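What follows is a set of notes on a single structure, which appears directly below.
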C-alpha cells in the first residue's frame, strides 16, 4: 500500500489515470458491490469526502483475492490497470460524514434556482432530449444554445484539445457557432422544456444582426415562455454581419442592442460580454445603463493552437486550413476569475447579478466564482469531456464544503473572496514567508533545486539528495513549492525582513 503521507498525491495521480468509463467494469467486477467507479470519479472532481462516504465501514480490499477490479480495468488494454485497491484504501482514511446537508438554492436575477449549476449556451444545451436528461440528473437550469434568425452549416471537424506531458486535456479549442436548427424548431424546444420542467430555469441565448433582429428574437423567445434572455455579444468566431465579439468590444453598439431587446420583452436580460478585450467593464457598464439586468462572463478566448510541424496547419484542420477559434477549459479559469472580479468590484456595476463561466469542472471551481460575487455559474467544456454526471459531485461536493465549514447556505459565501484581493502596491512587503521542507516526504528528486537555481534565486543546495535552504539568498517566492511533485514543501513562518 502506498504511504498514507502521500495520500493526496497518490489519489490525484492514480485517479487521473482512470478513463472514467460510462459503466465501470471495475465496479461490475467487485464482489462486495463497492461502486469503485463512482468513488474514483468523486475523487477526480475534488470531492474526496463524498468519495469516502461511498465506501463501506469495513473495507474488504486487503483480503480480496485476485483483485478482480484491477483485472477488469479497461485501462489495462492501453498499458496497465489503475491501482483501484490502493485508491479505495487511501480514500478510506479520509474523515467524512454520511450525509452533509446545506441549502444550495439561490436567487439569480430575480429567479429562484434550486442550485447555482447551469449548462451554458453551447452544444451541451442544444436539444430537448439532452437538456431533459440534464434536468433529471440535477442541473438547475440551461442557457440554450444561441439562436439566430438564420441557419448555417458548421465546419467539420470543429474541436481540438491542448495537451501537456501526461495530461491529455488542459485546454480546448472550438469552431462551434450558433444553433444549426431552424428558428421555429428551437422556439418549440424552449416551449416544451419550460412546459415539462416548470421548476427549472430555461434561458434563451439570442444573437441578432441589427436592432430589428434582436427585438424579433427577444419577442419570440419571450412568447415561448423562457425565464430570461442572454444576449450573446461575445462569440469569438461569428463574422456574419459583424456579430459576436465584434459587437461586445463596442460599448455603443452593445447599448443599442440591449435597448432594442428591452423594448421587446418584460423578462430579465443578461448581457454576455466578451473577454477578447483588455477591459470588459466599459461594455458591461454600457449594457447595464441601457437596461441589462445581469451580466455573464466569460465566453471563449480567441486562439490558435496545435500547429503541425509537417504541414504548418493548426487544429482543428479543415481541408488543410483552420481559423481563429474559441479557447476554453480549465486553463482559462484564472482569466475568467479576473474578469469576474473586475465587474464585481466596479462601482458602476455594484449590485448587478453575475453569472460566471470559464474552466469550471468541479464544485471547488464553482465555489471560486461564487466567492468572487457570482450567484450563478455555467458549464460547458467539462460536460463535453465527462458528461452531465459531473453534477452529482458538484452538488454533493458543494454541500459537504459548506457543511464542513459551518455554512448553512451557499448564499453565505457570495463575494467572500472580494475583500481579500487588493492592489499589488498594497500587499505586505516588510516580511518574508519562507518555505518549509518536510524531509520525511521529500523523495530527493531535486526538482525544487533545479527550478530555484535556473529560474529563481539560487537559494537551495542538494545535500545527501535532500534540499537545504540558504536563508540569506531565499526571497520567499515559493517557486520550489509550486514545482514539488511530492507535496513535501509548504508555506513556513513569516518573519520580518532584514532592513
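Describe numerically, in nm with one decimal, the distance between label points set 7 Å from Cα along Cα→Cβ at residue 279 and at residue 495.
Here the modelled spin labels are 4.3 nm apart.
At 0.36 nm per residue, and after removing the present C-alpha to C-alpha distance, how many nm does the segment from residue 63 to residue 219 gain when stretched out fully?
So the extension gain works out to 49.6 nm.
Region 6-68 to region 469-499: how many Å between their Cα centroids?
35 Å
May I ask what percent, to the nearest 5, of DSSP beta bridges between residues of the chain are antiparallel?
Antiparallel bridges make up about 50 percent of those DSSP assigns within the chain.
For region 31-125, what does the relative contact order come out to in percent, with C-alpha contacts under 8 Å and a separation of six or more?
In percent, rounded to a whole number, it is 24.
How much length is gained on full extension from residue 170 to residue 312, taking 0.36 nm per residue of separation minus their Cα-Cα distance?
48.9 nm
Using a ≥ b ≥ c from the Cα gyration tensor of region 329-380 (square roots of the eigenvalues), is it rounded, prolate or oblate, where a/c under 1.5 gives rounded and otherwise the larger of a/b and b/c decides, a/b for prolate?
prolate
What's the ranking of 379-392, 416-429 by average number of surrounding C-beta atoms within 10 Å, highest first?
So the peptides 379-392, 416-429, ranked by packing, come out 379-392, 416-429.
Any idea what angle helix 7-17 forms with the longest principal axis of the chain, computed on alpha-carbon atoms, 0 to 90 degrees, nearest 10?
Orientation of helix 7-17: about 50 degrees from the principal axis.
Could you work out the relative contact order of the chain, using alpha carbon pairs under 8 angstrom and six or more residues apart, expressed as a whole percent?
It comes to 13 percent, rounded to a whole number.
So what is the relative contact order for region 427-496, in percent, with contacts set as C-alpha pairs under 8 Å and at least six apart?
After rounding, I find 47 percent.
Give me the distance between the Cα centres of region 427-462 and region 342-408, rounded to whole Å.
Measuring centre to centre over Cα atoms gives 33 Å.
Just so you know, all these numbers are worked out from the coordinates, no wet-lab data involved. Worth saying up front: this structure is predicted, and the values here are computed from it rather than measured. Neighbour counts run over all protein chains shown; Cβ positions are idealised from the backbone, glycine included.
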